[in-house]
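The values are calculated or read from the model by the stated rules, or taken from the named source; none is laboratory data. Since this is a predicted model, take the numbers as computed values, not measurements. Using ideal geometry, Cβ is built from the backbone for each residue, glycine included, and neighbour counts are taken over all protein chains shown.
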Amino acid sequence: MALNIREVVEAQIADKISKGEALEQKIAAAEEVAAALATAQKEVTTARRDALNAGWTETELKRLGLAGSRAPRTRKPRVATPSE
């Protein structure tokens, strides 16, 4: 009987560890992708500035579908003020 209990508990612990490791891997992957996105957005900003400096207009870039695709600004959450 004791051996069966040990096997069940060890199996539960192994599953718990496995799920934790899977979560750790997914978080690392998400952080890697977020870093790549940030780099790509900086490169887009630089390329856009270079294009404008080379003589392209905002209107021309919009007609080509190369403008107006900026990342949305993030807002800080509003802090609720206590009411009296």
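So which residues in the stretch 22-58 are charged (D, E, K, R) and under 15 Å from Gly68 (Cβ atoms)?
Arg48, Glu58
Okay, residues lined up against (1) under 25 Å from the mean Cα position of the chain (by Cα); (2) assigned to a helix (DSSP H, G or I); (3) modelled with pLDDT under 95:
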| residue | (1), (2), (3) |
| --- | --- |
| Asp15 | no, yes, no |
| Gly20 | yes, yes, no |
| Leu23 | yes, yes, no |
| Gln41 | yes, yes, no |
| Arg70 | yes, no, yes |
